[in-house]
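Worksheet: the structure to be examined is printed underneath.
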Amino acid sequence: MSLPFTDPPRHGQIVGGLSVTPDLDAAIADYRDVLGLDLVATGPLDADLAAAWDAPGSAGARMAVLRPRSGAPCALRLVEQPDCPAFVPTTTFGWAAFELTVQDVFGWPDRLSGSGFAIQGLPRELEGMAYFVPMQVLGRGREMVYLNEVRADMPNCDLPRAGSPVDHLFIAILAAPDRPATVEWYEQRLALQGADTFTLSYKMINQAFALPDSHRTELTMVQEGRMTIFEVDGYPSQATPRPSLDGMLPPGNALVSIAVSNLDALAVDWLTPPAPRAGFPYDGRRAATLRGPAGELLECIEHG
C-alpha cells in the first residue's frame, strides 16, 4: 500500500525514522495501538533495500511501516532483528533519539502504562524553555523516543504542533564524537545550516555515563531556514562507536530519512547508487543512503 504525501517536503525535512526491535508484533501493538499511528504496510525487508542500508544481513527481516494519523509525510519503520546485548542506549555515537511532536504530553505516562515503552523521563517544563514540554521513553528495541508537546515557536526556528495525539518525527538527535566537525559536514555536504548552540546539564547523558550534574554538554541545532532537522550532541570521551550484529542494522535508533531536492547535487559517497523505490515513503522516487561522520545511516529521498 502506498499513500501520497500531503505536501511536497522541503529539502532537509525528516520524512522517516527506522528502529529495530526483537519482537515486531509487540512493537506494532505499541506504536499502533498505544501511540495511535496507522499501520501502512508489513512484509519482508527487500534484499536490495537492505544492501542500500549497508545491512545485507537484515534482508528478509520482518518490517512494518507506520504513519501519523495527521497525514504528515513521515514513515516510522520497525525492522525485526535479534537483540544486540552490547548496545547500551545513550552511550554510543549515531542516532540517539527521535523527537515526535505530540498532544497532551502530561497525559502520556498513564496512556503508556502496560505497554512496551519504558519511561526514562517524565514530562517536565524546562526552566527558561517555555517553547515545548518533553518526556522520554525507551521502546522494546531500546530505541529512544522523545514525546514533545510544542507550545510556541522559538526565536529562530518553527516547531510543529501535533495534528494527531502522536504526530511526526521532527528532530533526530545525533550523538557525535566531534560536534563542530559534524555540523560543518552537514553544512558542506547536505546544504543545511548550523544554528544555535546550547550548553546545558543534559540529564540523559550524565546518567548514562555516571557524570555529575555539573557536567555540561554542548549541542547544536542543524536547520534549513527556520525548519529544525537535527540536534547534534557532543558526547563525552567515554562514548564509543555503536556495536551491531554482523551485517545487520544498528541497534536502537537505526536510520533517519530526509527529503532532498537533488541527489546528484550532493557531494557525498552513497553506499549504493541512487535508485527509484516503491511504497511509502518513496512512492517511486529515487533514494540513496550514506554514512555520516558519526557513523549514522542517513537515507536521502529525492523530492525535486
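All of the numbers you see were taken from the coordinates with simple rules; none came from a lab. Not measured: the values here are computed from a predicted model. With ideal geometry, Cβ positions are generated from the backbone for all residues, glycine too; neighbour counts draw on all protein chains shown.
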Sum up the charges of everything whose Cβ sits under 10 Å from the Cβ of V268, counting Lys and Arg as +1 and Asp and Glu as -1, but leave V268 out.
-> +1
Rounded to the nearest Å, the spacing of the alpha-carbon centers of segment 245-304 and segment 65-125 is 21 Å
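Determine the gain in length on full extension of the stretch R32-D213; use 0.36 nm per residue of separation and subtract their C-alpha separation, reporting nm with one decimal.
The span from R32 to D213 would gain 61.5 nm if fully extended.
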Going by the alpha-carbon gyration tensor, a ≥ b ≥ c the square roots of its eigenvalues, is segment 259-304 rounded (a/c under 1.5) or, if a/c is not under 1.5, prolate (a/b greater than b/c) versus oblate?
-> prolate
Once you sort the root eigenvalues of the Cα gyration tensor of segment 128-176 as a ≥ b ≥ c, which label holds: rounded (a/c under 1.5), prolate (a/b larger than b/c) or oblate (the other case)?
-> prolate
Of the chain, which part is the longest with no trypsin sites (Lys or Arg not before Pro) in a loop (DSSP not H, G, I, E, B) and with at most 16 other C-beta atoms within 10 angstrom?
-> 227-304
Fewest-first ordering of F93, F209 by Cβ atoms within 10 Å yields F209, F93
Treating the beta-carbon of each Lys and Arg as +1 and of each Asp and Glu as -1, no other charges, what is the dipole magnitude of the chain about its Cα centre, to the nearest 20 debye?
-> 180 debye
Over all distinct Cα pairs, what is the inverse of the mean 1/r for segment 185-304, reported as the Kirkwood hydrodynamic radius in Å?
-> 16.4 Å
With Cβ to Cβ distances under 10 Å as the rule, what net charge do the other residues near Y282 carry (K, R +1; D, E -1)?
-> 0
hull vol. (C-alpha, convex hull) per residue for the chain, Å³ -> 119 Å³
Relative contact order of the chain (C-alpha contacts under 8 Å, at least 6 apart) in percent is 25 percent
Just grab the label-to-label distance for L122 and R69, each label 7 Å out from Cα along the Cβ direction, in nm (one decimal).
-> 2.7 nm
Taking neighbour counts of Cβ atoms within 10 Å as a proxy for exposure, in what order, fewest first, do T199, T240 appear?
-> T199, T240
Would you mind classifying segment 1-98 by shape? Square roots of the alpha carbon gyration tensor eigenvalues, ordered a ≥ b ≥ c; an a/c under 1.5 is rounded, otherwise it is prolate if a/b is larger than b/c and oblate if not.
-> rounded
Using alpha-carbon pairs under 8 Å, 6+ residues apart, how would you state the relative contact order of segment 164-294 in percent?
-> 24 percent
Counting only DSSP beta bridges with both residues in the chain, tell me the antiparallel percent, nearest 5.
-> 70 percent
